[in-house]
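The values are calculated or read from the model by the stated rules, or taken from the named source; none is laboratory data. Given the structure is predicted, the values throughout are model-derived calculations rather than measurements. Every residue, glycine among them, receives a Cβ derived from its backbone with ideal geometry; neighbour counts consider all protein chains shown.
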Amino acid sequence: MRTKAILFSALACALAFSCAKTPESIVEEAPEAPAAAIEEDEAVSEFVPGVAYVRVTENFSQLIETDLSEGLVETKSAGLNSLFKDLGVTSMSRLFPDAGEFEERTRREGLHRWYKVEFNQENTLTKASASLASIEGIEYVEGRRKLTNNAIFNDPMLSNQWHYINNSVAGRDINVKKVWENYTKGDPKVIVSVVDAGIQVDHEDLDGNTIAGGANGSKNFTNDSYVIEPGNHGTHVAGTIAAVNNNGKGVCGIAGGDAAAGQPGVRLMSCQIFGGEGGDSAAAIKWGADHGAVISSNSWGYVLDLDEDGQISPSELERAKSMKIDGADKAAVDYFIKYAGCDNSGNQLPNSPMKGGVVIFAAGNDNIPYGPPSDYEPIISVGAFSSEGKRASFSNYGDFVDIAAPGVAIRSTVIESGYASMNGTSMACPHVSGVAALIVSYFGGPGFTADMLKERLIKGANPSLLPDNSRIGPALDAYGSFVYGSEDAPEIVTEYSVTPVSNNIEFSWEVTECPMSGDPATGYVLFASTKSLSSLNPSNPGEGVVIANVEVGSKKIGDAITGTISGLEFETKYNVAIAGYDYNHSFSAMSPVKQVTTKANNPPKITTDYSGDYKVRAHATLVVPFTVTDPDGHTISIKFTPGSPACTWVQSSSSGGYQLTIVGNGADPGKYTASIEVTDQYGLKASKEIHYELMANQAPKVVKNIENMLFSTTGEKFTLQMDQFIEDPDGETLKYSISMSNASVLNLNQQGNTLYGTTLDFGLTEVKLVGTDARGLTANQTFKVLVRHPEQQIQAYPNPVIDKLNITNDQSDPTSMDVLISASSGAIVFNGKVNAGAFDPAVIDMGKCAPGIYSLKVTLGGKETKKTIVKK
Amino acid sequence: MKKYILVCLMAVLFSAAAQAQEFSTALPFVRIDRSAVTSAMGGVQGINSLYNPAAIPFTGSDVAISYQNWAPKGAKSTNLNLLGGVKIGRFGISATGAYQIGTEYENYDGAGNPAGTFKPSDFLVGLGVGFAITDYLSVGVNAKFAGSKLAADASYNAFAADAFVMYRIKGFKVSAGVASVGTQVKSGENAYSLPASAKLGLGYDMAFGKNGINLAADFDYFFNGGIGGGIGAQYGWNDMVFVRAGYHLGTAKAPIPSYASVGIGGKFFGVHLDVSFLLASQTVGNTLCIGLGYAF
């Protein structure tokens, strides 16, 4: 084991550090080790085999990015290609994929240069990292660390079971982890009868903790048989109580044992009362008491919504108020409490973990202050709360509710070896049953009674987790129930330091131990008073003593811990001391008392590193970071007067960080003054004025005309830098837009200030380029793009013509040419010279010619071209 | 600044439209001479029985077809023609038919973008009747229907009529009348008239044994102000071999331009084959017409 640890560390170091190329360090070859040793090393590595992360240089990124983005493992880097073959690389792709609209900032931060390389696992990480690091262009290599969710069990859905371990808000759960870790995970000597729909006793995540149907086991009361018909509700309840833990499957149960350690959990007896015509609940409850169960879990109640319209009407509410458990159910509950775990005389059976039983009921889901039959006093009535730490909206409430447990989004088992989340006090009830089962598992035995269990459950619960107006009792606290009644006050804090900061006093000390449990103290109370503390009772410090509570959290014994008492008088001498406490608030002895004199108040500070001016052009935005702090740590308030709508002040993510933003087009041009005034909680102020100027905007202008373009083939390309033709006098980067009269002739693609054009077809199009500045002022110009067929020297249009006939040629500049137009009969209607070019047509008015076929003959440069023209 | 002024001036120059001559004559092709005989003689039609039904009673029957490669220097067309006149006692019946296949052209929109192709065509059909009132005096009329298919959405049609009076004494012939008087062609808000004219025809036939000489002249006054006319001569040997020549005059407003013409012909047992060729014209020069007919 020691050898493994050493090798493991060596590999980790080699991967994490030796592969980083820095000027000071050269990639070190990992020390050669026997093959067997390497394999052993890899087997216990903290890194995932066959995967490495690399960071490449910008140049190298440009070289390989296009190829790799197409899924290739063949790039323009010969060295990399060779290495790919050696390592058996199966893929190399960006670790941070193209982020679309956020790609720009992704690249700005260099995250596009990180790649994930997957290679044949037969190659060790050591070899792979060394090989990768040897490639010119790869500047850093690291392995992919194995991740854990810190779960105590390996059940994959435990991370979804917030009700056991709340990863979002620590502590907002049933606090069962420390019980699992330090006390018990459930014991099969405890039987919980689940009076409900049938349990799927062979569920993959329940099997082993269930009792099959039989004369001394589970029973179906809907048909008086021992054949259990599984139902989702009963199976879900059962899973919460005792789904098998640490079996690598599904969910965890509260008292589900530890399969990996060979420890079964508590046993679940299904007393099926739902299904078919329904069963006798009273008989089902009694059955548990007569067949070994000491805990009866009942996630059911009486129907209060009599008309089944989904809501409780006033009359139904009155009925609920008066409805009480009586008759058979009451007799059965009383019987269970009295005789569970006992013989006929009421004496605890020798093999029973508890004398008497507890009957636990769901309070009901009608959101009313009644809940029969759970409001029967001997019953433990359970309300429901959510992961937000609030009473569930549906939960019944009132003084009859003894305890609250999670009842929203509860993940557990359902039939057909499935899993699902459900809501209801039906889900809260088995949490209490499960914790009760844990308590009996640990504390149960001769002399342990149902009353002891009930006291631990309810008095060990957490009264402060839920809001005071919840009215569903204290929150179930498994650990609290286990340590209930103990007095394990932590050891005294003998050494500590105190530092006055303004009117605050900062304490620093080390976490002390609760000697009985060996746990760290749960918390500390800091005391400060101008009077003597020598006779102070930590539980009741009295008037004139300022206190602060510091929770230890996850710190361990001996860890440094700090705390602060705030809000003291300035420049005043105080006596201070510390006392620790355990989970049950048993206080340690008071620490030695020290004397500290607080300091004077200091004003807040407004600072910035920006030293430039505050003149903002219309298109620009000036962002100036500020830091606003109070040297004393006092609460501050900030009053910001912007001066104009162009100026804003927002808090940034960094501590004490703010951003003053001035948007150039946010208001009319002119000079303005913004002011920042910061006041601490004692009224001490600091202020700063910002004089800024929004500069006048100038419209964009055409600085150069775009010449018409003449092409003779399709597919020809051209590029225009638009900012060379329309500029903004303010230096602003304009927003350019393009429109065309004939999109079939030309394809235009705009990228930034560059316009890319490709001729598509023969014809003429007029392109309009518009440049727009931040204030919406524009400048525009148009140019023509003509794509002429190379064999078409002369073009006449429109044809047919109604009046004006345009004649162009293939000359860029106007050129003289002879034109002869004759009618179909041969009569000449035009004969003369005209000037025309590709973009400057000669226009011949044929408006006075009769409809008919005409001939156009053009002689240009000695070449004669004849065309048929039709006049309409 | 000078450069700016120059640019503006050039822009004005180039943007000004040249005006084509007013040519308001609709369906001018109705005046094309389609006979290889008359076209070789300067297009003189006034006394010819193929055009003037009043002449049929004095001349006899003649039916001909011709192929004509019209105006290869101008608005070239390929013309297939039928001309005929049949004498029945004192009556003469004539028929005319022509189909002209124009040159395919490419359509362009107003911006110069291509928009397909189209092959235009013209047609002409007509019937005539002549009647000899006396042995010296006759009258005749033609009724014609002509049309042009210029584009997929542009067709134009018109009715036309000719009317002639003819007097003959010995070898001298004279006719007078009107030609191509008819309906107008409308295009948009404009109306265009057919190439109507007042027509005078003269002819004189001489014979010297087996030699024969025919002289003819035409004069047209077109109602649009144009003037046209032609003179032609034919020499015939033994009524079997013919040589022809002529000249046609057309002013600017006349539908048919000026040209010179030559031609030859042969006739055997009434069947005659004739060829004409036009020259000395920028547009209709090189026009070739080959006709095959039967005179009886």
- Item | Within the stretch A:517-555, tally of residues that are under 20 Å from A:G480 (Cβ atoms) and surrounded by fewer than 11 Cβ atoms within 10 Å (Cβ to Cβ) | 3
- Message: Considering only the stretch B:124-135, I want to know if a residue exists there that is part of a strand (DSSP E or B) and surrounded by fewer than 16 Cβ atoms within 10 Å (Cβ to Cβ).
- Response: yes
- Item | Positions within the stretch B:119-163 being among the aromatic types (F, W, Y) and within 11 Å of another protein chain (Cβ to nearest Cβ), in sequence order | B:Y156
- Query: Wholly within the stretch A:18-101, which helices (runs of 4 or more DSSP H) include no fewer than the required count, namely at least 2 residues that are surrounded by fewer than 15 Cβ atoms within 10 Å (Cβ to Cβ) and either modelled with pLDDT under 50 or aliphatic (A, V, I, L, M) (or both)?
  - Reply: A:35-43
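One line per residue, one yes/no per condition, for (1) touching a Pro at 6+ places or on another chain (Cβ under 7 Å); (2) touching a residue at least 60 places away in the same chain (Cβ under 8 Å):
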position: A:F361; (1), (2): yes, yes
position: A:S395; (1), (2): no, yes
position: A:F400; (1), (2): no, no
position: A:T413; (1), (2): no, yes
- Checking A:E732 against (1) at pLDDT below 90; (2) part of a strand (DSSP E or B), which test does it fail? (2)
- Might you let me know whether the stretch A:812-819 holds any residue that is crowded, with 20+ Cβ neighbours inside 10 Å, more than 7 Å from chain B (Cβ to nearest Cβ) and in contact with an Asp or Glu (Cβ under 9 Å, 6 or more places away or on another chain)? no
- Could you run through the stretch B:29-73 and say how many residues are within 14 Å of chain A (Cβ to nearest Cβ) and surrounded by fewer than 24 Cβ atoms within 10 Å (Cβ to Cβ)? 3
- Task: Go through the stretch B:243-279 and give me each residue that's more than 12 Å from chain A (Cβ to nearest Cβ), in contact with a strand residue (DSSP E or B) (Cβ under 8 Å, 6 or more places away or on another chain) and of a type in the set (A, V, I, L, M, F, W, C).
- Result: B:V243, B:A245, B:L249, B:A260, B:V262, B:I264, B:V271, B:L273, B:V275, B:F277, B:L279
- Item | Condition met for A:N742 (within 7 Å of another protein chain (Cβ to nearest Cβ), part of a loop (DSSP other than H, G, I, E, B) and in contact with a Ser or Thr (Cβ under 7 Å, 6 or more places away or on another chain)) | yes
- Query: With respect to A:G580, is the statement that it is more than 32 Å from the chain's Cα centre (by Cα), surrounded by fewer than 18 Cβ atoms within 10 Å (Cβ to Cβ) and among the small types (G, A, S) true?
  - Reply: no
- Item | Subset of the stretch A:604-624 [touching a strand residue (DSSP E or B) at 6+ places or on another chain (Cβ under 6 Å) and surrounded by fewer than 19 Cβ atoms within 10 Å (Cβ to Cβ)] | A:K605, A:I606, A:T607, A:T608, A:Y610, A:K615, A:T621, A:V623, A:V624
- Message: With the requirement that a residue be within 14 Å of chain A (Cβ to nearest Cβ) and surrounded by fewer than 24 Cβ atoms within 10 Å (Cβ to Cβ), what does the stretch B:74-95 give you?
- Response: B:K76, B:T78, B:N79
- Message: Here is a check on your reading of the model: is A:I285 out of contact with any Gly (no Cβ under 9 Å at 6 or more places or on another chain), β-branched (V, I, T) and not in a loop (DSSP other than H, G, I, E, B)?
- Response: yes
- When you look at A:A850, is it buried (at least 17 other Cβ atoms within 10 Å of the Cβ), more than 7 Å from chain B (Cβ to nearest Cβ) and farther than 15 Å from B:T103 by Cβ, yes or no? no
- Inside the stretch A:822-841, the number of residues satisfying the requirement of being surrounded by 21 or more Cβ atoms within 10 Å (Cβ to Cβ), closer than 12 Å to A:Q795 by Cβ and either in contact (Cβ under 8 Å) with a residue 60 or more places away in the chain or at the interface with chain B (Cβ under 7 Å from one of its Cβ atoms) (or both) is 1
- Go through (1) more than 14 Å from every other protein chain (Cβ to nearest Cβ); (2) in contact with a strand residue (DSSP E or B) (Cβ under 7 Å, 6 or more places away or on another chain); (3) over 26 Å from B:S276 (Cα atoms) and name the single condition B:G116 misses. (1)
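With the structure loaded, tell me whether A:N780 is out of contact with any helix residue (DSSP H, G or I) (no Cβ under 6 Å at 6 or more places or on another chain) and under 27 Å from B:G226 (Cα atoms) or whether it fails that test. Step through it out loud before you land on a result.
On the way: out of contact with any helix residue (DSSP H, G or I) (no Cβ under 6 Å at 6 or more places or on another chain): yes; under 27 Å from B:G226 (Cα atoms): no.
For A:N780, the condition - out of contact with any helix residue (DSSP H, G or I) (no Cβ under 6 Å at 6 or more places or on another chain) and under 27 Å from B:G226 (Cα atoms) - is not met.
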- Task: Only one of these is more than 11 Å from chain B (Cβ to nearest Cβ) and either surrounded by fewer than 23 Cβ atoms within 10 Å (Cβ to Cβ) or over 30 Å from B:R31 (Cα atoms) (or both): A:K768, A:K784. Name it.
- Result: A:K768
- Item | Residues (farther than 22 Å from B:A64 by Cβ, β-branched (V, I, T) and surrounded by fewer than 21 Cβ atoms within 10 Å (Cβ to Cβ)) located in the stretch B:246-296 | B:T251
- Message: On the basis of being closer than 20 Å to B:P28 by Cα and within 13 Å of another protein chain (Cβ to nearest Cβ), does B:K199 make the cut?
- Response: no
- Message: Looking at the stretch A:669-697 only, could you name the residues that are free of Cβ contacts under 8 Å to residues at least 40 places away in the same chain and under 38 Å from the mean Cα position of the chain (by Cα)?
- Response: A:A674, A:S675, A:E677
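Out of all the residues in the stretch A:463-482, which are in contact (Cβ under 8 Å) with a residue 24 or more places away in the chain and either acidic (D, E) or in a loop (DSSP other than H, G, I, E, B) (or both)?
A:L465, A:L466, A:P467, A:R471, A:I472, A:G473, A:P474, A:L476, A:D477
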